[in-house]
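Mind having a look at this structure? Questions to follow.
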Amino acid sequence: MDEQENNNIPEEELDNIIVLNDENGEEVPFEFLDLIELDGEEYVVLLPAEEEETEDAGEVVILKVEDTDSEEEESYVSVDDEEVLNKVFEIFKEKFKDEFNFVEEE
């Protein structure tokens, strides 16, 4: 019998997990939700995988995809343009309106 232990995480969920390094060099796992194209640029929508129950729980992270010298790797950079972030998030909400319960901020 050739069984591998995956810490009780279903295999299909492992496929959607990517690990990024934060500003302190710490590894942070994220669930990959979607890849969105806007104005010729690509953006990833990620959900922190090990999020504690805080008031930020459920907030997604949107990062811009940048090519690297390696064809097998991509680089993700933060997006400072609030207008771009809003446009990407609106596209994401429209695509997944039936799968997620979005809460509007006041």
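The values are calculated or read from the model by the stated rules, or taken from the named source; none is laboratory data. Keep in mind the model is a prediction, meaning the values are calculated, not measured. Please note: Cβ atoms are built from the backbone with ideal geometry, for glycine as well, and neighbour counts cover all protein chains shown.
Only residues that are more than 21 Å from N16 (Cα to Cα), surrounded by 10 or more Cβ atoms within 10 Å (Cβ to Cβ) and at pLDDT below 90: list them for the stretch 49-106, please.
Residues satisfying the conditions do not exist here.
Quick one: L33 ticks every box in (1) at pLDDT below 65; (2) within 21 Å of F102 (Cα to Cα) bar one, so which box is it?
Unmet for L33, out of (1) at pLDDT below 65; (2) within 21 Å of F102 (Cα to Cα): (1).
Could you list all residues from the stretch 64-106 that are in contact with a Ser or Thr (Cβ under 6 Å, 6 or more places away or on another chain) and closer than 16 Å to L46 by Cα?
Result: E66, S75.
Assuming G25 fulfils every condition listed in (1) surrounded by 15 or more Cβ atoms within 10 Å (Cβ to Cβ); (2) at pLDDT below 90; (3) more than 23 Å from V103 (Cβ to Cβ); (4) of a type outside the set (V, I, T) apart from one, which condition is it?
The number of the failed condition is (1).
Return the pair list, or none, for Cβ contacts closer than 6 Å from residues in the stretch 63-87 that are at positive phi and of a type in the set (A, V, I, L, M, F, W, C) to residues that are surrounded by 10 or more Cβ atoms within 10 Å (Cβ to Cβ) and in a strand (DSSP E or B), at least 6 apart or on different chains.
none
Between residues in the stretch 18-47 that are farther than 14 Å from V60 by Cα and residues that are hydroxyl-bearing (S, T, Y) and surrounded by 10 or more Cβ atoms within 10 Å (Cβ to Cβ), which pairs lie under 8 Å by C-beta distance while being six or more apart or on different chains?
Short answer, once both residue conditions are applied: L20/Y76; E37/Y43.
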